[in-house]
Structures are given as structure tokens and as C-alpha cells.
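To start, the structure under review is shown below, and the notes come after it.
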Amino acid sequence: MKNKSIYILAIESSCDDTSVAVLYNDKVLSNVVAGQKIHSQYGGVVPELASRAHQQNIVPTVHEALKQANVDKKELRAIAFTKGPGLLGSLLVGTSFAKSMALALNIPLISVNHMQAHILAHFIDDEKQHKPSFPFLCLTISGGHTQIVLVKDYFSMEIIGQTIDDAVGEAFDKSAKILGLPYPGGPFIDKYSQLGNPKSFEFPHPKTKDPLDFSFSGLKTAILYFIRDREKENEDFVKNNLNDICASIQYTITLILMEKLKIAVKETGITNIAIAGGVSANSGIRKALGDAKINYGWHTYIPKFEYTTDNAAMIGIAGYYKFLNKNFENISISAKARLKF
Ligand code: KG4
Ligand code: ZN
């Protein structure tokens, strides 16, 4: 069943990164990401500007990915693209381009679910990374999603817990905004945390009806009121305590995530644990998972840094497994802003 020498070109355009990758089977030959700086001045992604920037970036990014991979477009065997979930205007650019390219080259078209792809990034062939064995639990944490997924097979996945309000990435980004940090604030909170004391300030842990669900909107409000009250006493409070505030926020979020994972392990009996998505770049969360490996004997899987935030290599690996199953799309396929597994 295993085809040799398959080159796949993959396109990711679900939010504000235009990314194109070329894979040789399950190996990544190139993974080019064109980010969009324009959104930082607005404190969040502006959908209209994102789709325009994708339009500008898509052709040069495809060229660059082929060039870096040293592959000619005529050698490609399939085009994979993100069908959803994401911003519709952004998804439409990648979807339309993928369709046109597949049609022009007369090769199969493969649609990929963005959230599944974050998880499947663990199966990219890399000598430094171990691939998870099935079944495993994946904590998928990004700017739009927070899920605990029971992964039974490459495309057999079940969400067993998820956020009932904000995603964890939003919790990072909104907290950062309150602190006056640029968008997206997650990486800034991570950076300042390195120099702070995580036990300086205490923030509440939310309660949810289903113990596997998450809730982050209360944490954001608690941080807002905490800063407002402290600034009444000292207007330089944030400036003088930035490292400690960031470290305390990161520590709280990490503890919440780890508590939920522990419940999921207890409920399922599964101790193969992976993390995925943009927030899995966070150093505190990565360390906590490393500690859990030692303390609880879990088998843990932490993705390579470049496969955490949005990238097309993850779309390519998902595309590769779909190619093996000959799971191809008709040219009439359309993008979907909301897309379940
Ligand atoms: O997966 P992703 O690139 O896009 C979505 O599919 O949403 O995730 C983006 C999110 C943003 O909220 C960003 O702040 C967060 O990932 N993020 C981080 C870190 N790097 C990215 N959050 C905390 N610490 C980081 N180091
Ligand atoms: Zn993502």
C-alpha cells in the first residue's frame, strides 16, 4: 500500500499565517510561513486584512516552498489544503489556490481539518522525535481551540473535553493585552515569565460542570480586576512587576491544563499524552509535561517548536495519510469556517 516517492504540496491559510510545505512521504522538505505583522497594531486578527494578505502572499510562498524543497511542480503527486475550521475569507484563498493548482497539474486534491492536522504533526518523520502510539490523548491548545482529544487512529479522533468559553490562547493573548503587551501576547508572557516568580500572585482556577471541560473567561476577568485594583495603589504596578505577573499567569494556566490532563488519564486509563497547537510552544507547559513524564510515568510527546504554531507541514502530513487511503476530494469542495472532526 505504501507508495514510494510521493511529493505533496500543502497549503495552510486558516488564520493569519500563509504557509506552504513540500513533503516527501512523511518527511518535510520545506515549510515556509509568511506571517502577517499588520494585525499587531489592531490587537487581534482583522479577518478582512488577513484574507487580503493571503492573496498577496500565496504565490510567492508556493514558489519559495518549491524552491527550498528543490522540487519541480510537475513532480507533485497531490495538493493538500486546510478546509477549516478558521476564518472563511482566509480559508477561501488557500482552498481556491489548491483547487486551481490541482486542476492545472491534473493531480488529486486532499482536504485537511486544521485541528486534526495539529495533532498529526506528531507523525512527521524526524529522527529527534518519537511518534505517539495509539491510543493517545492530545491536549490541543491554540488561539481558537482548547480540547482534550482521544486519538484512536490517524483519522479516528474524539473530543472528550473542551473549552466552554475562551480558548487557552485567548487567555494568554487577552491577559497580555491587559498588561499592554503586543498581539499575539502568548509568546511575550512566555518570555517575561522566564525571569519571574510563578508564585508571586494567585489567580483562581475555574470550575466546570464536566470535569474535562475548560473555562478561561473567569481567569481573564480576575486578571483584569487584579491589575485595576493594584494600579489604584501604584500606577507603575505592571511595569514594576511584569515578570512576576506573567510568570504567575503562565503558572496558573499550566496548572489548570495539567489538572485536566490528570483527570483525563484517570478516566481513560491512557498514559500516552501529546500536546499540540500554537500554545504548545509555551515553555512552562512543555516543562510541565516533561515533569509529568518523570513524576507520573506518562509517555509524553512534545512537538518540535516549528510544528506548534500554524504551519503547512502539519497539513502535508495529514495529506500524506489521506493520500495513502486515497481519500481525495472533488473539485467542487468548499472551505468551512466551522468544521468538526
Ligand atoms: O495554533 P495557532 O498558531 O493558531 C490557531 O490555530 O489558533 O495558535 C496561536 C496561539 C496564539 O494565541 C498565541 O498567543 C499562542 O498560540 N502562542 C503561545 C506561545 N506561542 C504561541 N502562547 C503561549 N506561549 C507561547 N510561547
Ligand atoms: Zn492552529
- Message: Please compute the Kirkwood hydrodynamic radius of the stretch 102-164 from all pairs of different C-alpha atoms, in Å with one decimal.
- Response: 13.4
- Query: Can you pull the percent of the stretch 131-302's accessible area that's carbon plus sulfur, 1.4 Å probe, other chains left in place?
  - Reply: 51
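Near Gly89, within a Cβ-to-Cβ distance under 12 Å, what is the net charge of the other residues, with Lys and Arg +1 and Asp and Glu -1?
-1
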- Semi-axis lengths, Å, the stretch 163-256, gyration tensor of Cα atoms, sqrt of 5 times eigenvalues: 22, 14, 12
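Checking a compactness column here: for the stretch 233-289, what do you get for Rg(Cα) / (2.2 N^0.38 Å), N being the number of residues?
Details: Rg = 15.2 Å, N = 57, 2.2 N^0.38 = 10.2 Å.
In units of the 2.2 N^0.38 Å rule of thumb, it is 1.49.
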- For the charge dipole of the chain, defined by +1 on Lys and Arg C-beta atoms and -1 on Asp and Glu C-beta atoms about the Cα centroid, which residue among Ser51, Gly94, Ser14 has the Cα displaced farthest towards the positive pole? Gly94
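What does the extension gain come out to for Ser334 and Leu224, with contour length at 0.36 nm per residue minus their alpha carbon separation? Don't skip to the answer; put the middle values down first.
Working: separation 110, 0.36 × 110 = 39.60 nm, distance 4.02 nm.
Residue separation times 0.36 nm, minus the Cα-Cα distance, leaves 35.6 nm.
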- For Asp236 and Thr268, extending 7 Å from Cα along the Cα-Cβ vector and measuring point to point gives, in nm, a value of 4.9
- Task: Take the alpha carbon gyration tensor of the stretch 131-302, find the square roots of its eigenvalues, order them as a ≥ b ≥ c, and report rounded if a/c is under 1.5; if not, report prolate when a/b exceeds b/c, else oblate.
- Result: prolate
- Message: I need to check one value: relative contact order of the chain, counting alpha carbon pairs closer than 8 Å and at least 6 residues apart, in percent.
- Response: 25
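What is the dipole size for the chain, taken about its Cα centre, with +1 at each Lys and Arg Cβ and -1 at each Asp and Glu Cβ, in debye to the nearest 20?
Working: 37 positive and 33 negative charges, 158 e Å.
Computed about the Cα centre, the dipole is about 760 debye.
Could you report the stretch 131-302's accessible area per residue, 1.4 Å probe, as an integer in Å²?
On a per-residue basis, the stretch 131-302 sits at 46 Å².
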- Message: Based on alpha-carbon centroids, what's the gap between the stretch 278-328 and the stretch 130-173 in Å, whole number please?
- Response: 10
- What is the diffusion coefficient of the stretch 114-204 in µm²/s, taking the Kirkwood radius over Cα pairs and the Stokes-Einstein relation at 37 °C with a viscosity of 0.692 mPa s? 215
- Message: Could you tell me the extents of the chain's C-alpha atoms along the three principal axes, largest first, rounded to whole Å?
- Response: 67, 45, 34
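Take Thr300, Thr309 and sort them by solvent-accessible surface of the protein heavy atoms, 1.4 Å probe, largest at the top. Let's see the in-between values first.
Working: Thr300 25, Thr309 70 Å².
I get Thr309, Thr300, largest accessible area first.
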- Query: Going down the table (Lys27/Lys131; Lys174/Lys260; Lys74/Lys99; Lys37/Lys340; Lys27/Lys293; Lys27/Lys322), which pairs top 18 Å between alpha carbons?
  - Reply: Lys174/Lys260; Lys37/Lys340; Lys27/Lys293
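The values are calculated or read from the model by the stated rules, or taken from the named source; none is laboratory data. Please read these numbers as outputs of a predicted model, since none were measured by experiment. Don't worry about glycine lacking a Cβ; one is built from the backbone with ideal geometry, like all the others, and counts go over all protein chains shown. The protein model used for the area step is the full one, side chains on, heavy atoms only, and it has no ligands, DNA or RNA in it. Shrake-Rupley method; radii C 1.70, N 1.55, O 1.52, S 1.80 Å.
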